[in-house]
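To start, the structure under review is shown below, and the notes come after it.
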Amino acid sequence: MTTTTLPPTEKTRPKSAPPSVSDRARAERRLGWMLAGPAFVIMLLVTAYPILQAVYESLFSYRLTDPANRAFNGLGNYVVVLTDPIWWQSIGVTLLITVVTVAVELVLGFALAMVMAKALQSLRPILRAAILIPYAVITVVSAFAWQFAFDINTGFVNSWFAWLPGIAETTDWFGGWGTSILVICLAEIWKTTPFISLLLLAGLAQVPEVLQEAAKVDGASWWQRLWRVTVPNMKAAIMVALLFRTLDAFRVFDSIFIMTAGANGTESVSFLAYRQTIARLEIGLGSAVSVLLFVAVVIIAFGFIKGFRVDLSQARGDK
Amino acid sequence: MPDGATGARRGRTVTTRSAEHRRGRLAGASAAALLASTLAACGGDTGASSQLTWYINPDSGGQAEIASRCTEAAGGAYTIEVAQLPRESNAQREQLIRRLAAEDDSIDLMSLDPPYIPEFAEAGFLAPVPEDVAQRVTEGVVESAVQGSTWDDELVAVPFWANTQLLWYKKSVVEQAGLDMEQPVTWEQMVQVAEDQGTTIAAQGIRAEALTVWLNALVESAGGSIITETAENPEDIQLGLTEDPAVRAAEVMNAVAPVGGPAFSTAGEDANVTDFEEGDAAFMVNWPFVWPRALSAVEAGTLDASVPEDYGWTLYPRVDEGEPSAPPYGGINIGVGAFSRNVEAAYEAAECIVSEENQSYYFTTNGNPASKAAVYDDPEVLEIFPMAPAIRESLELAAPRPQTVYYSEVSGALQRVYHPASAVVPGETGAEAADLILAVLRGEQLL
């Protein structure tokens, strides 16, 4: 790669800087902490505190309506959760929804990002707004909209698509596992594809035009330019988009809550946590499920960052 | 306790004014105090109004109207403000119980779904009902509503309105099938007619509270109970799910599912009405709200007038020919929050809310049947609800859902195992459900 593609920070970094930290760097670091410090403290208050509280509660057998019988239970709640088949089934459902939605969203989101990037200057703001609208819709509202669309009484899907094999006027979408998951995935994809495409658009904008031109001069086809120039140059942006969306998708709740309420084996891990904590009022057991969900999310994030070497602070198109 | 001291019960403007005066001359202050006490005396014996908040389930505006009527009737003794809870009864419970666990003193009155009342009572979230109030509010009230407000042999809530399901049918279809609806009808007969006539039975096959309602009615109609013996210790609870009545109930579910329509496993009460109105179903077990709903749809021009004319109704179908059915019991009872700062006023308000006059108003305008038997003789009620006598008879037969502190767990486990109804295996599903319920209650399994 030529030096012209290097980002400004790389360019300005003095190559001959001594390895030891200079006074100026130290002062800058201190200033950085002072600037970020208050936000850091607030983050600790609103995230670390509830997480620690959940870890603590998860060690107790504790029912909200019966605080007198709260008792220390050690890791008993975790044993109950991890030995229950419904936990593993929920993990399976959650993983399936995550993989399917993220994969489809990545392809669709990429296509939409290309459209947005290549659109005429005058059309671009309108197009961008139109593509972003689903992301602005509240998830519960979008879930209701999709449920109404597919509902056997209120929906239009059955009558519009009755000509397709497998769809009839009497198709009950929320009556079976497969069709329920399909509608849930569709709703999720519709809703969050704009998010991925927005992140990818930022990555696309960073692919240096000179590289494209050079490839064109060398006679590369559109497809070759896409695979050999565009995609490798925005790998970091793709990974960041994937990471954010995967973490988000793994916590899927709203659509399932509205559409099936967990019927037909469509419960996700978040839904299981809700059921134990809010419906059963078993704070201990519910906290254990939540902590395990948190651990799963941490593992995903860690896996992405270490496994794919995603640098969150440098989501740009250089390598 | 600002409302405890008489001094703080003065109107806000008066207090401010007296404070200003205090800074000035003493004479002015005492004059203001005199004025304040005079004003307070106008508000009745209890001083200026105590503000009560009534958490209501969503309805067609009836409870809000009753609240304002009672506020007016109280002449300033108290004012009732309504706050709306979520649509689903389990969501209502979730919200109320979490607030009460945090000792929320803003909850004065609550519209409670009967199956959750034991849980509230056992947790100490309901203020004890004064004896004289208990006596007055149970007088002339149908048995099932009193039972639904009772826990541990004590009245813990005030019976408000009592709901029950009827069997609704299309007169034209049963006539064609030659089914005599004057006689008690069994589920098997209905299935037979539905098969012969190529129609469906609308029942609640959805995985929701409605499924428990249906299952419970079937088990009770067959002469059994889901919980045969309740106990404080969850491990000592005895279940009747492996006994013959539960097997009979499973058989009925299994028989109804194939004629329950294409979306039986997701059909709730609202979907049932739609099917029944549109003519897809010839039978429907449902609450009486279906009647005013049909009438108002005719009025709005969205439903043909001939549809409700074809509606017939009778008692809930039997499981066994020789045994009377035990229809579902529902409705709303009024609980007074244990942490309320105005328990006395709240009970006064509760008595006003459940007055005969308000119950018949609520019945005729919102379609929610009264718990006081006398309301069913009201000519206005009879004119709008020709099925009122059937509702009253049904309420006398109605069986409550399992009364236990752990109702939410029991119902959740039943919904998980008995859904979809087409997959229910008589003799096996019951044992499976019993195992799950007990494991969940012991804290050994997730739900």
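The values are calculated or read from the model by the stated rules, or taken from the named source; none is laboratory data. Being a predicted model, the structure only gives us computed values, none of them experimental. A quick note on method: Cβ atoms are made from the backbone with ideal geometry, for glycine too, and the neighbour counts reach across all protein chains shown.
Out of curiosity, is B:TRP161 under 19 Å from the mean Cα position of the chain (by Cα) and within 14 Å of another protein chain (Cβ to nearest Cβ)? Criteria not met by B:TRP161. Within region A:137-166, residues that are loosely packed, with under 12 Cβ neighbours inside 10 Å have Cβ atoms under 8 Å from residues that are modelled with pLDDT under 90 in these pairs: A:SER159/A:GLU169, counting only partners at least 6 apart in sequence or on another chain. Condition test on B:PHE125, is it closer than 24 Å to A:ILE283 by Cα and either more than 14 Å from chain A (Cβ to nearest Cβ) or not charged (D, E, K, R) (or both)? Taking the combined requirement at face value, the residue satisfies it. Report, by residue number, each residue of region B:124-156 that is within 24 Å of B:ALA338 (Cα to Cα) and within 12 Å of the chain's Cα centre (by Cα). The answer is B:ALA145, B:GLY148, B:SER149. I'd like to check something: does region B:339-346 contain any residue that is under 30 Å from B:THR53 (Cβ atoms) and touching a helix residue (DSSP H, G or I) at 6+ places or on another chain (Cβ under 8 Å)? For region B:339-346, residues under 30 Å from B:THR53 (Cβ atoms) and touching a helix residue (DSSP H, G or I) at 6+ places or on another chain (Cβ under 8 Å): present.
If you go through region B:250-276 and keep only what is crowded, with 22+ Cβ neighbours inside 10 Å, touching a Ser or Thr at 6+ places or on another chain (Cβ under 8 Å) and more than 14 Å from chain A (Cβ to nearest Cβ), you end up with just B:ALA250. Residues that are away from chain B (no Cβ under 14 Å) and among the hydrophobic types (A, V, I, L, M, F, W, C) do not occur anywhere in region A:258-276. Among the hydrophobic types (A, V, I, L, M, F, W, C), within 20 Å of B:ILE226 (Cβ to Cβ) and surrounded by 16 or more Cβ atoms within 10 Å (Cβ to Cβ): does that describe B:ILE107? Here the answer is no, as B:ILE107 does not meet what is asked.
Here A:THR192 passes the criteria (1) surrounded by fewer than 14 Cβ atoms within 10 Å (Cβ to Cβ); (2) away from chain B (no Cβ under 14 Å); (3) of a type in the set (S, T, N, Q) except the one numbered (1).
How about region B:388-447: which helices (runs of 4 or more DSSP H) wholly inside it have at least 1 residues that are free of Cβ contacts under 8 Å to residues at least 12 places away in the same chain and either over 17 Å from B:ILE227 (Cβ atoms) or within 11 Å of chain A (Cβ to nearest Cβ) (or both)? Give the steps one after another, and end with the answer.
Details: elements: B:388-397, B:407-417, B:429-441.
Per the criteria, B:429-441.
Facing chain A (nearest Cβ under 10 Å) and surrounded by 20 or more Cβ atoms within 10 Å (Cβ to Cβ) - does that describe any residue in region B:215-236? Within region B:215-236, none of the residues are facing chain A (nearest Cβ under 10 Å) and surrounded by 20 or more Cβ atoms within 10 Å (Cβ to Cβ).
Just one residue in the set A:SER221, A:SER180 is small (Gly, Ala, Ser) and exposed (fewer than 14 other Cβ atoms within 10 Å of the Cβ); that residue is A:SER221. The set of residues in region B:60-75 being crowded, with 21+ Cβ neighbours inside 10 Å and either touching a Lys or Arg at 6+ places or on another chain (Cβ under 8 Å) or farther than 11 Å from B:ALA349 by Cβ (or both) consists of B:GLN63 alone. Within region A:65-87, residues that are more than 8 Å from chain B (Cβ to nearest Cβ) and in a loop (DSSP other than H, G, I, E, B) sit with their Cβ atoms under 9 Å from residues that are among the aromatic types (Phe, Trp, Tyr) and surrounded by 10 or more Cβ atoms within 10 Å (Cβ to Cβ), at 6+ positions apart or across chains, in these pairs: A:ARG70/A:PHE60; A:ARG70/A:TYR62; A:ASN73/A:PHE60; A:ASN73/A:TYR62. Filtering region B:129-154 to residues that are assigned to a loop (DSSP other than H, G, I, E, B) and either under 22 Å from B:GLN51 (Cβ atoms) or within 14 Å of chain A (Cβ to nearest Cβ) (or both) leaves B:VAL129, B:PRO130. In region B:87-115, how many residues are within 14 Å of another protein chain (Cβ to nearest Cβ) and either closer than 21 Å to A:ILE283 by Cβ or hydroxyl-bearing (Ser, Thr, Tyr) (or both)? The qualifying residues number 16.
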